[in-house]
1. Report, as a whole number in µm² per second, the diffusion coefficient that Stokes-Einstein gives for the chain at 4 °C and 1.567 mPa s using the Kirkwood radius over alpha carbon pairs.
2. Nearest 10 degrees is fine. How inclined is helix 110-134 to the longest principal axis of the chain, computing both from alpha carbons?
3. Nearest 10 degrees, 0 to 90: what angle lies between the long axis of helix 51-74 and the longest principal axis of the chain (Cα atoms)?
4. Against the longest principal axis of the chain, how steep is helix 13-39, in degrees 0 to 90 to the nearest 10, with axes from Cα atoms?
5. Divide by every residue of the chain the summed helix terms, -39500 (n - 2.57) for each DSSP H run of at least 4, and state the resulting mean residue ellipticity at 222 nm, rounded to the nearest 500 deg cm²/dmol.
6. Using the charge dipole of the chain (Lys, Arg: +1 at Cβ; Asp, Glu: -1 at Cβ; taken about the Cα centre), state which of TYR82, VAL61, SER135 has its Cα farthest towards the positive end.
7. Which value in nm describes the separation of the simple spin-label points at LEU87 and ALA99, placed 7 Å from the Cα toward the beta carbon?
8. Could you tell me what a quarter of the Cα convex hull surface of segment 30-110 works out to, in nm² with one decimal place?
Amino acid sequence: MSDTISLIRLKRLWWVGPLTVLASIIGVLIVRTAAVAILHPEPQPMSLGWGAPIGFTLILVSGAVGVFALIVRFARNPIRTYRIIALVVLLLSLLPDIAYAGSSITGASWPVAISLMTMHIVAGAITVTMLTKLSVSGNN
């Protein structure tokens, strides 16, 4: 077992996980509120409503917590591995937003797509930072 693995405490995920989900939802809603205030989208796309950002963030960040737990359990260098996987997933998550910007869906535009991409980046940054920092014991 490497030193990094021994420093990560999976038991901490019982509180770090829900806290990460909550913090990510708050971060996404801050971006959503700013985007709606600045863009005044008409008609307001469902993606900039309240339900979709909360629901998607809840489900996907909960999944990210589960993936982190699996990586900690099985990877030789779990934090590095998780950061790489998280970055790849984040980049892939931007592709639908890019497609959305160029679509004929009512309300679709680059400003809205950029707002959605910003939500993804904020949720990803909060998730990776909290999981990789708060689940580690010691003074590292």
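1. The Stokes-Einstein estimate is 81 µm²/s.
2. The angle comes out at about 10 degrees.
3. 20
4. 20
5. -26000 deg cm²/dmol
6. Checked the options; the winner is SER135.
7. Simple spin-label model gives 2.5 nm for this pair.
8. Averaged projected hull area, Cα only: 6.1 nm².
None of the figures in this text is laboratory data; all of them are computed from the coordinates on show. Computed from a prediction, not measured in an experiment: that's the story for all the values here. We place every Cβ from the backbone using ideal geometry, glycine too, and count neighbours over all the protein chains shown.
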